[in-house]
Amino acid sequence: MSVRTRFAPSPTGSLHVGGVRTALFCLLHARRHGGRFLLRIEDTDRARSTEEAAEGILRDLRWLGLRWDEGPGAEQAGTGPYFQAQRLDLYNAVIDQLLASGHAYEAWDTHAELDAERAIASAAKLNFRYVRKVLDADTIAAYRAAGRTPVVRLAAPRHDLHVEDEILGQVTQTADELDDIVIRKADGFPTYHFAVVIDDYKMGVSLVLRGQEHLMNTHKHLGIYEALNWAPPKYAHLPLIANPDNTKMSKRDKAKTSREAARRAQVERKGDPKDWSWLAEATGRTVDDLAGFMAKQHDSIATAEAIAAFLKVKLPMIEVMDFRKGGYLPEALINYMALLGWSPGDDREVLPFDQMVAAWDLTRVNKTQAKFDAEKLAWMNGEYIKKVDLDTLTVAHTSYLDVAPTSPFAGMPAERRRAFLALYQPRIATFAELDEAARFFFVRPSTWDAKAVQKHLLADGGLERLALIRDALAALPEWSATDIQLTLDGLAASHDVKLGQIAQPLRVALTGTAVSPQIHDTLALLGRTESLDRLKAALSTHAR
Ligand code: GLU
């Protein structure tokens, strides 16, 4: 059987690291075995799915370079459409078949009736299991007349079911744990459990590779395969991704961080712990939204981000867009994600995609949770920035600017950005770091590092030397890095001082600090007028 894997996100939010890793492993597995990788959008939850989220997921996957062979925009005869909401006829045909064979039945219970049954089960400390009801035609007619719409439930098998997981081994659910799950909701849409089975089968998926949170759903899916007498695919469930403190990494971590910051701020301002109107006003959110957020009624990322922006706290990076806005390269993120729960079998860490494919082996996926280490990712990103060629780096930087409108480089022509990138390539881990490191090019120093001023300008004849340097630079016929370097070397030699005694006063004058890239490159990039103006300003500001 040919290898076919699929990534099947629900468009209820943005793509996050867990999803990226699933998609990546599916793609690696397909590539390694000469198979195909499918993308399917699972939008049967009408209340929570949005078109915007679906588009965002496609955009993020494309940015990451995770190309699907079949899916939206890559239609293949016989397997599409790839949005579940467009496949209702297919699901209904199978449901009719199950109803006719007695493997499924209509159930007419209201939410209130089900709640009452659940309450009885929980009072008796029993797991709730749906009780099949035998209804006569008159009762059904009466329900219908009263406006009830039935759901369809699967008649669950009455025996134990075993998942033979490729990573975790055998996982059993006993007969008494299996419930008559709903397969078609009252709104006419299939449930996730049903649609996933029909689609995996109809799309010829050979291996379902997904997160461990779906492991205990798999028995439900096997029950459906059995009712249909279809052979199920293979299954492999990936270990969870954890934060450094071993808690499960989740988008909710953003809400958690913002909530804690808001509470601290409330304590500091000695405010009424229940009154969040000040924060609503400051963030432009409604009072209801904020009160609900603080009471943990919702974890809205928009609210969390608004609070974080106002209180100036850094939120954990979890969604793909966080990394893109943080100035990461997609190749580095992909490389890092590949090592979350998998290894190539040797100590290679920086390995490009084709090497990952060559080394891919499902049996080397760990059973236990993988820890997300943001520092290691930043290190890896720095390694990628160092090794790519300047053209590629400039293109990647352009893609960063598309989502980082407040970067000082926004609007700068690519040619000039390329010069900055050349200068900083060996020194930065992310493009966001470049924004900070290079900020002095865009704004003149207004505050001065007092220690640096003392050491390099006031002591050791720094200011006097700076005046000489300025005169020598001002006399240069051509403002190029080479000519500047020759001039500075010449000054060091003729005054019998070390190059540092020339470079450091210059750095302080130009940047307000003792740090910058190579001083001649820095001067060249800053330009003649701006450099000389800054030297003049420094000389008059610090003159004794
Ligand atoms: N749509 C499911 C989700 O987003 C994934 C289902 C699956 O991979 O089977 O979690």
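Would region 251-260 turn up any residue that is in contact with a strand residue (DSSP E or B) (Cβ under 7 Å, 6 or more places away or on another chain), assigned to a strand (DSSP E or B) and within 16 Å of the ligand (Cβ to nearest atom)? Spell out the reasoning first.
Of all residues in region 251-260, those in contact with a strand residue (DSSP E or B) (Cβ under 7 Å, 6 or more places away or on another chain) come to 251.
Adding the requirement that they be assigned to a strand (DSSP E or B) leaves none.
No; the residues of region 251-260 include none that is in contact with a strand residue (DSSP E or B) (Cβ under 7 Å, 6 or more places away or on another chain), assigned to a strand (DSSP E or B) and within 16 Å of the ligand (Cβ to nearest atom).
Scanning region 518-529 for residues that are in contact (Cβ under 8 Å) with a residue 60 or more places away in the chain and either touching a Phe, Trp or Tyr at 6+ places or on another chain (Cβ under 6 Å) or over 16 Å from Ile502 (Cα atoms) (or both) returns Leu525, Leu526. Counting only residues that are out of contact with any helix residue (DSSP H, G or I) (no Cβ under 8 Å at 6 or more places or on another chain) and either in a loop (DSSP other than H, G, I, E, B) or loosely packed, with under 12 Cβ neighbours inside 10 Å (or both), region 413-435 holds 3 of them.
Is it true that Leu135 is within 35 Å of the chain's Cα centre (by Cα) and either closer than 30 Å to Pro239 by Cα or open to solvent by less than 80 Å² (accessible area, probe 1.4 Å) (or both)? Outline the logic, then answer.
Numbers: within 35 Å of the chain's Cα centre (by Cα): no; either closer than 30 Å to Pro239 by Cα or open to solvent by less than 80 Å² (accessible area, probe 1.4 Å) (or both): yes.
Here the answer is no, as Leu135 does not meet what is asked.
In region 264-312, what residues are under 21 Å from Lys248 (Cβ atoms), open to solvent by less than 80 Å² (accessible area, probe 1.4 Å) and part of a loop (DSSP other than H, G, I, E, B)? The answer is His298, Asp299, Ser300. Of all the residues in region 313-323, those that are open to solvent by 30 Å² or more (accessible area, probe 1.4 Å), in contact (Cβ under 8 Å) with a residue 60 or more places away in the chain and not aliphatic (A, V, I, L, M) number 1. Scanning region 156-165 for residues that are in a strand (DSSP E or B), acidic (Asp, Glu) and surrounded by fewer than 16 Cβ atoms within 10 Å (Cβ to Cβ) yields a single hit, Glu164. Taken over region 491-527, the criterion of being of a type outside the set (S, T, N, Q) and out of contact with any helix residue (DSSP H, G or I) (no Cβ under 8 Å at 6 or more places or on another chain) is satisfied by Ala493, Asp496, Gly500, Gly527. Looking only at region 199-210, which residues are away from the ligand (no atom under 12 Å from the Cβ) and in contact with a helix residue (DSSP H, G or I) (Cβ under 8 Å, 6 or more places away or on another chain)? Tyr201, Lys202 - these are the residues of region 199-210 that are away from the ligand (no atom under 12 Å from the Cβ) and in contact with a helix residue (DSSP H, G or I) (Cβ under 8 Å, 6 or more places away or on another chain). Looking for something assigned to a helix (DSSP H, G or I), touching a Pro at 6+ places or on another chain (Cβ under 8 Å) and crowded, with 19+ Cβ neighbours inside 10 Å - is there at least one such residue anywhere in region 27-46? No: region 27-46 contains no residue that is assigned to a helix (DSSP H, G or I), touching a Pro at 6+ places or on another chain (Cβ under 8 Å) and crowded, with 19+ Cβ neighbours inside 10 Å.
For region 228-250, indicate whether the set of residues that are more than 29 Å from the chain's Cα centre (by Cα), open to solvent by less than 60 Å² (accessible area, probe 1.4 Å), hydrophobic (A, V, I, L, M, F, W, C) and within 30 Å of Ala156 (Cα to Cα) is non-empty. Spell out how you get there, then give the answer.
Residues of region 228-250 more than 29 Å from the chain's Cα centre (by Cα): 228-232.
Now restrict to residues that are open to solvent by less than 60 Å² (accessible area, probe 1.4 Å): 228, 230.
Next cut, hydrophobic (A, V, I, L, M, F, W, C) only: 228, 230.
Going one step further and asking which of them are within 30 Å of Ala156 (Cα to Cα), we end up with 228, 230.
Yes - at least one qualifying residue is present in region 228-250.
Note on region 1-38: among residues that are within 25 Å of Arg184 (Cα to Cα), touching a Lys or Arg at 6+ places or on another chain (Cβ under 7 Å) and not hydroxyl-bearing (Ser, Thr, Tyr), the one that is farthest from the ligand (Cβ to nearest atom) is Leu38.
Within region 166-203, the set of residues being open to solvent by less than 10 Å² (accessible area, probe 1.4 Å) and in a strand (DSSP E or B) comprises Ile183, Pro190. Here Val357 clears all of (1) under 26 Å from Thr529 (Cβ atoms); (2) outside any loop (DSSP other than H, G, I, E, B) except the condition numbered (1).
The values are calculated or read from the model by the stated rules, or taken from the named source; none is laboratory data. This one's a predicted model, so the numbers in the text were calculated from it and none came from an experiment. Note that each Cβ is placed from the backbone with ideal geometry, even for glycine, and that neighbours are counted across all protein chains shown. Surface accessibility is based on the protein's heavy atoms, side chains included, excluding ligands, DNA and RNA. Shrake-Rupley method; radii C 1.70, N 1.55, O 1.52, S 1.80 Å.
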